[in-house]
1. Show me the helices (runs of 4 or more DSSP H) entirely contained within region 191-254 in which 2 or more residues are among the acidic types (Asp, Glu) and within 24 Å of ASN107 (Cβ to Cβ).
2. When you go through LEU27, LEU104, LEU97 one by one, which is the residue that is assigned to a helix (DSSP H, G or I) and closer than 25 Å to CYS177 by Cα?
3. Output yes when any residue across region 44-58 is assigned to a helix (DSSP H, G or I), of a type in the set (Gly, Ala, Ser) and either surrounded by fewer than 18 Cβ atoms within 10 Å (Cβ to Cβ) or touching a His at 6+ places or on another chain (Cβ under 9 Å) (or both), and no when none is.
4. Kindly indicate whether any position in region 230-237 is closer than 24 Å to GLU92 by Cβ and modelled with pLDDT of 85 or more.
5. Residues in region 65-76 that are surrounded by 19 or more Cβ atoms within 10 Å (Cβ to Cβ) and part of a loop (DSSP other than H, G, I, E, B): how many?
6. I want to confirm something. Restricting to region 77-94 and keeping residues that are over 15 Å from the mean Cα position of the chain (by Cα) and outside any loop (DSSP other than H, G, I, E, B), which single residue is nearest to LEU185 (Cα to Cα)?
7. Checking the conditions here, which among LEU62, LEU12, LEU16 is of a type outside the set (Gly, Ala, Ser), touching a His at 6+ places or on another chain (Cβ under 8 Å), buried (at least 24 other Cβ atoms within 10 Å of the Cβ) and assigned to a helix (DSSP H, G or I)?
Amino acid sequence: MKVFLTGASSGLGEALARHYAAQGATLGVVARGADGLAALAAALAPASVRTYAADVRDAEALAEAAGDFVARFGPPDVVIANAGISRGTLTEHAEDLPAFRLVLETNVLGIVHTFHPFVAPMRAVRAGALVGIASVAGFRGLPGAGAYCASKSAAITYLESLRVELRASGVAVLTICPGFIATPLTARNPYRMPFLMQPDDAARRIARAIDRRRAFCVVPWPMALASRLLRAMPRPLFDRALRNRKRKPRDNPV
């Protein structure tokens with residue numbers, strides 16, 4: 001198996017890399033920091049790992065990484081657009097405007113930039129899966145998390161569009177919506193996180209959904225039930241229930 005994965009140096013991405021390396025996969029891993037990638041490659045030895053230091057906002061860098069991977073190993077079986085960032089944001093603060101742009105560009109355009117260079121080679125072999133890591137946060141807008149919720153909602157809709165576009169191509173498009181995972185992104189959340197998963201557990205569940213070619217999957221399954229209730233909640237009730245919810249710190253590192 002050949003797997004190309006972004007956001008690979010920590011959290012869920014690192015857990016996914018470890019999972020697929022243990023399965024004997026050939027990996028192409030992308031992250032912003034070269035040091036983190038080098039440490040990951042060393043930890044995964046003797047697995048076959050090709051590292052690419054790049055920011056997913058940089059379409060040209062992603063195209064170069066994808067081109068190198070395909071030239072060396074052929075089209076991947078699975079591409080996982082996992083890179084993402086989160087930060088508390090409030091529209092009234094001018095200093096938060098750059099954070100809105102950063103979150104939206106990373107979490108939405110980062111998926112587009114990751115998938116774009118692989119569509120043609122995967123179409124050519126009529127095989128493979130493009131997997132976008134979205135979030136249950138994309139189902140409703142949560143106070144203090146406007147940028148993150150908007151980005152994940154946009155990701156879900158984009159992935160749906162791409163899935164239909166590629167329906168007859170042989171290339172599957174999968175949307176994965178995890179609940180809470182114990183990663184640096186959630187470490188400073190000041191609110192209760194139900195059904196909190198460890199990264200290794202989340203990676204196993206997500207890999208299983210990918211193997212089964214689940215077009216849309218919420219993990220873990222109890223969060224899927226909770227999410228349905230949240231989405232069905234009438235707006236006035238939702239507003240009252242969430243207005244006093246604790247908020248992610250605006251200085252949360254990204």
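The values are calculated or read from the model by the stated rules, or taken from the named source; none is laboratory data. Fair warning: this is a prediction, and the values are worked out from it, not measured in the lab. As a convention, Cβ positions derive from the backbone with ideal geometry for all residues, glycine included, and neighbour counts pool all protein chains shown.
1. Details: elements: 199-211, 221-232, 235-242.
Helices (runs of 4 or more DSSP H) meeting the threshold: 199-211.
2. Values: LEU27 fails: assigned to a helix (DSSP H, G or I); LEU97 fails: closer than 25 Å to CYS177 by Cα.
Exactly one of LEU27, LEU104, LEU97 is assigned to a helix (DSSP H, G or I) and closer than 25 Å to CYS177 by Cα, namely LEU104.
3. Taking region 44-58 first, the residues assigned to a helix (DSSP H, G or I) are 44.
With the extra rule that they be of a type in the set (Gly, Ala, Ser), the set shrinks to none.
Within region 44-58, not a single residue is assigned to a helix (DSSP H, G or I), of a type in the set (Gly, Ala, Ser) and either surrounded by fewer than 18 Cβ atoms within 10 Å (Cβ to Cβ) or touching a His at 6+ places or on another chain (Cβ under 9 Å) (or both).
4. Residues of region 230-237 that are closer than 24 Å to GLU92 by Cβ, as a first pass: 235-236.
After this cut, where a residue has to be modelled with pLDDT of 85 or more as well, the list is 235-236.
The answer is yes; a qualifying residue exists.
5. Here is the first cut: in region 65-76, the residues surrounded by 19 or more Cβ atoms within 10 Å (Cβ to Cβ) are 65-66, 69-70, 75-76.
Applying the additional criterion that residues be part of a loop (DSSP other than H, G, I, E, B) yields 75-76.
Number of matching residues: 2.
6. THR89
7. Numbers: LEU12 fails: touching a His at 6+ places or on another chain (Cβ under 8 Å); LEU16 fails: touching a His at 6+ places or on another chain (Cβ under 8 Å).
Criteria check complete, one pass: LEU62.
Residue-by-condition table, conditions (1) modelled with pLDDT of 95 or more; (2) of a type outside the set (Gly, Ala, Ser); (3) more than 17 Å from the chain's Cα centre (by Cα):
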| residue | (1), (2), (3) |
| --- | --- |
| ALA47 | no, no, yes |
| VAL70 | yes, yes, yes |
| ASP96 | no, yes, yes |
| ASN107 | yes, yes, no |
| HIS116 | yes, yes, no |
| GLY128 | yes, no, yes |
